[in-house]
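In what follows, a single structure is set out as structure tokens and then discussed.
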Amino acid sequence: MAAEIDLTLDCANAQLLAAFWKTALGYVDEPPPAPFTTRAEWLAQFDLPEDDTEDDGAWLCDPDGVGPRLSILKVPEPKTAKNRLHIDVRVPGHGSPQERWARVKAESGRLVKAGGRVLEEFDGHHVVMADPEGNEFCVASAKP
């Protein structure tokens, strides 16, 4: 049996990145673990510093339960280098290479409107992008 994984992104603004990644991945806010009814209630059980708030974190999940959960957590230090691990956003659909590339370009354009930016294009293959805080990710066609 394969292990389940969660992904965690460090950030300066958890709510900004949560909004972006919900748009990018179609994810939703993950409910707090039982028996808690709110994230604030769940967080209250931890001995957090006084200046930590519920808005300093976001927990997202795939509504279909297929993809990994995504935790987005505020940290004091800024991003200083290229990610060692990044997310690949795979655009679904079949067709000719030109049709698949057109969908990749359309998706990267949609994510630019959501706050991302294009860093580099590998024509016909994938687009390297950054989220609103500079975390790199790629947009590519789904596996054929």
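Tabulated results
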{"read-out": "Lone unmet requirement of (1) touching a residue at least 40 places away in the same chain (Cβ under 8 Å); (2) touching an Asp or Glu at 6+ places or on another chain (Cβ under 8 Å); (3) not small (Gly, Ala, Ser) for ASP55", "value": "(2)"}
{"read-out": "Hits in region 81-107 (condition: farther than 20 Å from GLY67 by Cα and part of a helix (DSSP H, G or I))", "value": "PRO97, GLN98, GLU99, ARG100, TRP101, ALA102, ARG103, LYS105, ALA106"}
{"read-out": "Members of region 26-68 that are surrounded by 12 or more Cβ atoms within 10 Å (Cβ to Cβ) and acidic (Asp, Glu)", "value": "ASP29, GLU30, GLU41, ASP52, GLU54, ASP55, ASP56, ASP62"}
{"read-out": "Of residues in region 114-127 being under 17 Å from the mean Cα position of the chain (by Cα) and either crowded, with 17+ Cβ neighbours inside 10 Å or among the acidic types (Asp, Glu) (or both), the one farthest from ALA12 (Cα to Cα)", "value": "VAL127"}
{"read-out": "Any hit, region 96-113, residues being loosely packed, with under 11 Cβ neighbours inside 10 Å, free of Cβ contacts under 8 Å to residues at least 24 places away in the same chain and closer than 18 Å to ALA130 by Cβ", "value": "yes"}
{"read-out": "Residue match in region 115-131 (condition: closer than 27 Å to PRO31 by Cβ and touching a Leu at 6+ places or on another chain (Cβ under 9 Å))", "value": "yes"}
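Every read-out reported here was derived from the displayed coordinates using simple, explicitly stated rules and does not represent laboratory data. As the structure is a prediction and not an experimental result, all values here were calculated from the model. Cβ coordinates were reconstructed from backbone atoms using ideal geometry, including for glycine residues, and neighbour counts include every protein chain displayed.
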